[in-house]
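Worksheet: one structure, shown below.
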Amino acid sequence: MTLISKTVITVIISVMSIFVFHKPPAPTPAEKVVRYEYTVDAVPVPQIPITTLTTQPSAPKTLCEQVFDTAKAIGWPSDQLGMLVAIAMRESRCQPDAFNPKDPNGGSYGVMQVNGFWAQKTTAYPKGYLQTMGVLTHVDELFDRETNLRAALAIYRYSNGWRAWGK
């Protein structure tokens, strides 16, 4: 180390020792904090009458609320439930008995308008994809809300997302 560096370090340590290593002087009696005691006058507490709350029975859930609850219960990813309900509303107005016979691939069934193609026999799935996955045994079971949503979940997973619904 150079002489200048040693001198600078010595000065810094000296200045710090003045402020750090010496305690501040104790306060004088005049500087001590005075504590005050407060008294509070009693304030009357208003008397509030006790009433019994009556609740109205909740309105029955809408079809789309039922779709949401069912999908959540069967294990749809929670971050996809909003999209699922939006698609169900667009496809079927959330009606489990919706059917589109004009779909050229075997019709579209139920809440999510699952295409009948997914229940048809193919080379890869001789029983049909949904039958092989254990979701259903016959395509008409897609009119059941829970079965339809389970089928849609299987298709969603197979397609890695919403591709089967054009998303």
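The residue of region 105-148 that is surrounded by the most Cβ atoms within 10 Å (Cβ to Cβ), among those that are among the aliphatic types (A, V, I, L, M) and not in a loop (DSSP other than H, G, I, E, B), is LEU142.
With the structure loaded, tell me whether SER92 is among the polar types (S, T, N, Q) and crowded, with 19+ Cβ neighbours inside 10 Å or whether it fails that test. When the stated conditions are applied, SER92 passes them. ASN160 meets each of the listed conditions (1) more than 19 Å from ASN105 (Cα to Cα); (2) polar (S, T, N, Q); (3) not in a loop (DSSP other than H, G, I, E, B) apart from (3).
Put simply, of THR7, THR62 the only residue that is under 30 Å from ARG157 (Cβ atoms), surrounded by 10 or more Cβ atoms within 10 Å (Cβ to Cβ) and modelled with pLDDT under 95 is THR62. What is the one condition in (1) modelled with pLDDT under 95; (2) within 22 Å of THR62 (Cα to Cα) that LYS121 does not satisfy? LYS121 satisfies all of (1) modelled with pLDDT under 95; (2) within 22 Å of THR62 (Cα to Cα) except (2).
The values are calculated or read from the model by the stated rules, or taken from the named source; none is laboratory data. Given the structure is predicted, the values throughout are model-derived calculations rather than measurements. Neighbour counts are summed over all protein chains in view; Cβ atoms, including those assigned to glycine, are modelled from backbone coordinates with ideal geometry.
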